[in-house]
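Enquirer: What follows is a single structure, and I will ask about it in a moment.
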Amino acid sequence: MPAAIKGSITVNGQAIAITNPDKLLWPEMGITKKIYLQKLAALSPYLLRYCQNRLLTVIRYPHGVPGMSFYQKNAPEPLPSFVKTATHENITYIMLQGLPELLWLGNLAALEFHPSLHYAGSELPCEWMIDLDPSREVEPRIMEATAIVGDVLRSLGLHSVPKTSGATGVQIIVPIHPGVTFDGLRRIGHFVGRFVTEKHPELFTLERLKKNRGDRIYFDYLQHYGGKTLAAPYTPRARPLATVSTPLLWREVEQNVSPTDFHLLNIEERLGSKGDLIQKVPAQPVEDIISQLS
């Protein structure tokens, strides 16, 4: 077996060891670890915004996407001196605060970044996120379902941003003011979910058990809670086409875009032209609606 290639790069004054830069992580797309690290650096101003000060779970693929994988919640040992941690419920989480940590994780073949929905040390949500989770591996109705939920939110006076999960689903993000609780968001989530499932029973379900959903799309308002995670905006995904969880314009939803349209090889161009669509929506008055549901 040939000796592993090793080197290091210096980022923000921190030396980061790099191993096997030519290892293929996404073979179908020809993306090596070296290319991946370059793409992570380009994504970092966007991805870090939704990971900083949160409890981070990563999914690592030591042999690339076709190989075995594992979730990593507890920080590995030994840790570089620049990597900070936070403990929550007896788990010592990595804090993804900057580019050095991101590239260090990239070298460890962390291909997906799943931050907590709250900041470390807080029990309050950072935003409201509705998860639309298809029951089928390929779901041609996912953008139709997304548009329906977006219309309901608009009817409540709420602006929102849809984003591909990078896998099969879509999350809809509603920026919120500080002080809104997870329980409050569950109440409004259940209200909207019940409304769309009653209006479109062939398309949506609130059934938690996958075996009982048939081919319907699960309106998941329960996943949005303390200690749980969802794929971060702009995280890569360990799918064959190297898709990236990408915020969308509502007109793109209406045009039935595919989650596979956005991937590591074209995301820089998109961000250069559209910027961060989530940042363009101000905090929404969800607390006014929650108070009426109480």
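Enquirer: Looking at region 14-43, I want the residues that are under 17 Å from LEU265 (Cβ atoms) and have a partner that is open to solvent by 50 Å² or more (accessible area, probe 1.4 Å) and assigned to a helix (DSSP H, G or I) with Cβ atoms under 6 Å, at least 6 apart or on another chain. Which pairs are those?
Expert: ALA42/GLU268
Enquirer: Can you work out which of the residues in region 157-175 that are under 15 Å from ARG141 (Cα atoms) and of a type in the set (A, V, I, L, M) is surrounded by the fewest Cβ atoms within 10 Å (Cβ to Cβ)?
Expert: Once the filter is applied, the top-ranked residue is ALA167.
Enquirer: Now, a different point. Do the conditions hold for LEU185, that is, is it open to solvent by less than 50 Å² (accessible area, probe 1.4 Å) and under 21 Å from MET143 (Cα atoms)?
Expert: So LEU185 fails the test.
Enquirer: Consider only pairs whose beta carbons are under 8 Å apart and that are at least six residues apart or on different chains; among these, list those whose first residue lies in region 52-79 and is touching a residue at least 60 places away in the same chain (Cβ under 8 Å) and whose second residue is β-branched (Val, Ile, Thr) and in a loop (DSSP other than H, G, I, E, B).
Expert: none
Enquirer: Moving to a separate point now. Kindly list the number of the only condition in (1) assigned to a strand (DSSP E or B); (2) open to solvent by less than 50 Å² (accessible area, probe 1.4 Å); (3) under 21 Å from PRO233 (Cα atoms) that fails for ALA86.
Expert: In the conditions (1) assigned to a strand (DSSP E or B); (2) open to solvent by less than 50 Å² (accessible area, probe 1.4 Å); (3) under 21 Å from PRO233 (Cα atoms), ALA86 misses (3) alone.
Enquirer: Could you check region 1-49 and list, in sequence order, the residues that are among the aromatic types (Phe, Trp, Tyr) and open to solvent by less than 20 Å² (accessible area, probe 1.4 Å)?
Expert: TRP26, TYR36
Enquirer: I'd like the full set of residues that are out of contact with any Phe, Trp or Tyr (no Cβ under 9 Å at 6 or more places or on another chain) and open to solvent by less than 10 Å² (accessible area, probe 1.4 Å), limited to region 135-145.
Expert: ILE142, MET143 - these are the residues of region 135-145 that are out of contact with any Phe, Trp or Tyr (no Cβ under 9 Å at 6 or more places or on another chain) and open to solvent by less than 10 Å² (accessible area, probe 1.4 Å).
Enquirer: Show me the helices (runs of 4 or more DSSP H) found entirely inside region 227-294 where at least 2 residues are at pLDDT 95 or above, more than 18 Å from the chain's Cα centre (by Cα) and crowded, with 17+ Cβ neighbours inside 10 Å.
Expert: By residue number, 250-254, 286-293.
Enquirer: Looking only at residues in region 187-226 that are of a type in the set (Asp, Glu) and not in a loop (DSSP other than H, G, I, E, B), which one is modelled with the lowest pLDDT?
Expert: ASP220
Enquirer: Consider TYR119 against the criteria (1) open to solvent by 40 Å² or more (accessible area, probe 1.4 Å); (2) over 21 Å from PRO233 (Cβ atoms): it satisfies all of them except one. Which criterion is unmet?
Expert: (2)
Enquirer: A follow-up question, please. Can you tell me which residues in region 61-80 are open to solvent by 40 Å² or more (accessible area, probe 1.4 Å) and either hydrophobic (A, V, I, L, M, F, W, C) or in a strand (DSSP E or B) (or both)?
Expert: Those that are open to solvent by 40 Å² or more (accessible area, probe 1.4 Å) and either hydrophobic (A, V, I, L, M, F, W, C) or in a strand (DSSP E or B) (or both): MET68, PHE70, TYR71, LEU79.
Enquirer: For the condition surrounded by 21 or more Cβ atoms within 10 Å (Cβ to Cβ), in contact (Cβ under 8 Å) with a residue 12 or more places away in the chain and more than 18 Å from ASP220 (Cβ to Cβ), what is the one hit in LEU111, LEU124?
Expert: That would be LEU111, the only listed residue that is surrounded by 21 or more Cβ atoms within 10 Å (Cβ to Cβ), in contact (Cβ under 8 Å) with a residue 12 or more places away in the chain and more than 18 Å from ASP220 (Cβ to Cβ).
Enquirer: Quick one: how many residues across region 80-96 are in contact with a Leu (Cβ under 9 Å, 6 or more places away or on another chain), of a type in the set (Phe, Trp, Tyr) and touching a residue at least 60 places away in the same chain (Cβ under 8 Å)?
Expert: Residues meeting the conditions: 0.
Enquirer: Another one. If you go through region 177-186 one residue at a time, do you hit one that is farther than 21 Å from GLY150 by Cβ, polar (S, T, N, Q), outside any loop (DSSP other than H, G, I, E, B) and touching a strand residue (DSSP E or B) at 6+ places or on another chain (Cβ under 9 Å)?
Expert: no
The values are calculated or read from the model by the stated rules, or taken from the named source; none is laboratory data. This one's a predicted model, so the numbers in the text were calculated from it and none came from an experiment. In this analysis, Cβ positions are derived from the backbone assuming ideal geometry, glycine residues included, and neighbour counts consider all displayed protein chains. The area values use the complete protein model at the heavy-atom level, side chains included, leaving out ligands, DNA and RNA. Shrake-Rupley method; radii C 1.70, N 1.55, O 1.52, S 1.80 Å.
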